[in-house]
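Q: Below you'll find the structure I mean.
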Amino acid sequence: MDYQAMIDNDLKEILSDKTDDITVQAARYSLLAGGKRLRPKMMYMTSRMFGTDDELLIKDVRYYAVTLEMIHTYSLIHDDLPGMDNDDLRRGKPTCHKVYGEGTATLAGDLLLNSAMERLMKITLDKPQYSYASYKIAELAGICGMIGGQSIDINSEGKEISLDRLYELQEKKTGALFESAVVTPYYLIRGIDQNSAGEDRYVDLLRKLAKHIGLAFQIRDDILDVTSDAATLGKSCGKDERDNKSTFVTLLGYDEACSKLDEEIDRCHKILDEMAVDGLFVDEYRGLTDYLRNRGN
């Protein structure tokens with residue numbers, strides 16, 4: 001299934017291309033700049049894992065997939081600002097603030113986040129059974145998740161932090177949105193609410209899978225920051241050294257970071273093995289984990 005084309009087509013419908021509002025134009029620029037679309041793709045993978053063929057439910061998963069990509073893109077716009085990671089290149093193109101200026105880029109990120117929250121509230125008004133799914137995405141994008149990780153990241157610049165603190169940073173900054181991507185479709189399919197989430201075996205397995213996928217992604221990202229180039233990755237390399245950041249490579253060394261990457265991939269496969277025993281379709285997630293191991297080669 002061509003997830004990429006479906007996602008890109010859906011994203012084109014989010015913000016009007018017939019407006020002279022500069023903030024909308026800036027938001028569209030970043031939203032449609034390309035990228036791997038890993039998070040929305042994982043939403044489709046989870047849906048297929050549990051074999052749903054309900055057309056209305058699949059439509060709702062698409063709705064949430066686009067919404068999550070809006071949140072992810074807002075975070076990238078803000079990450080690239082001079083007051084944060086100060087980057088000039090994203091997805092092979094000049095970053096939003098390099099094209100539109102810092103003020104407009106800040107507003108573009110705000111617009112994408114606010115529009116995403118509007119979408120979560122809108123679908124919950126129409127379908128109250130999705131309220132927990134919407135709440136969890138909002139929570140994982142906030143101080144308990146992505147923003148919390150970003151906060152640790154900013155306040156760790158120029159300092160050597162412990163490995164445990166680095167794990168906390170990355171499980172929030174990167175892992176939280178991966179959890180939203182992996183688990184949300186299951187909430188929709190099974191009608192999970194706050195009372196039943198803690199008792200559901202698959203919720204636990206999917207959260208663990210998301211955690212290890214997120215760590216594998218980040219460890220590989222840290223490795224690529226010192227071994228790859230901007231032309232290959234579509235973003236600047238060498239930033240971690242420039243900003244004196246603690247990463248899996250700086251704390252563990254290159255060889256051990258590679259070993260940790262293999263460990264995280266192996267943990268993913270063990271979880272997938274357990275789910276495969278139940279007859280679930282895990283092939284796409286196996287392919288994803290193999291991609292994460294070799295990304296950038």
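Q: In nm, to one decimal, how far is the modelled label at residue 161 from the one at residue 5, with both set 7 Å along Cα→Cβ?
A: Label at residue 161, label at residue 5, 4.2 nm between them.
Q: Pop the C-beta distance of residue 277 and residue 199 into the FRET formula with R0 = 22 Å and round what comes out to the nearest 0.05.
A: After rounding to 0.05, the efficiency reads 0.60.
Q: Where does each of 268, 258 land when they are ranked from fewest to most other beta-carbon atoms within 10 angstrom?
A: 258, 268
Q: Amide H of residue 89: which non-local residues (sequence gap of 5 or more, or other chain) have their own amide H closer than 5 Å, using H built in the peptide plane?
A: 95, 236
Q: Along Cα→Cβ, 7 Å out, is where each label goes; now give me the distance between the ones at residue 284 and residue 88 in nm to one decimal.
A: Those two pseudo-labels are separated by 3.9 nm.
Q: Can you grab the distance from the C-alpha centre of the range 278-297 to the C-alpha centre of the range 138-201, Å, no decimals?
A: Cα centroid of the range 278-297 versus Cα centroid of the range 138-201: 21 Å apart.
Q: Right, next: By counting other Cβ atoms within 10 Å of each Cβ, how are 20, 54, 87 ranked from fewest to most?
A: Listed from fewest to most nearby Cβ atoms, that is 20, 54, 87.
Q: Using the 10 angstrom Cβ neighbour count as an exposure proxy, how do 75, 259, 180, 47 rank, fewest first?
A: Sorted ascending by nearby Cβ count, the order is 259, 75, 47, 180.
Q: Using DSSP H assignments, which helices in the chain have an axial alpha-carbon span of 24 Å or above and a mean Kyte-Doolittle hydropathy of 0.0 or higher?
A: 55-80, 102-126, 201-227
Q: Spin-label point model (7 Å from Cα, Cβ direction): what's the residue 32 to residue 56 distance in nm?
A: A separation of 3.2 nm, rounded to one decimal place.
Q: List, in the order given, every pair from 59/127; 12/136; 12/36; 98/136 whose Cα-Cα distance in the structure shown is over 21 Å.
A: Those over the limit are 12/136; 98/136.
Computed from the coordinates by the stated procedures, all read-outs in this text should not be read as laboratory data. Just so we're clear, the structure is a prediction, and the values are computed from it rather than from any experiment. As a convention, Cβ positions derive from the backbone with ideal geometry for all residues, glycine included, and neighbour counts pool all protein chains shown.
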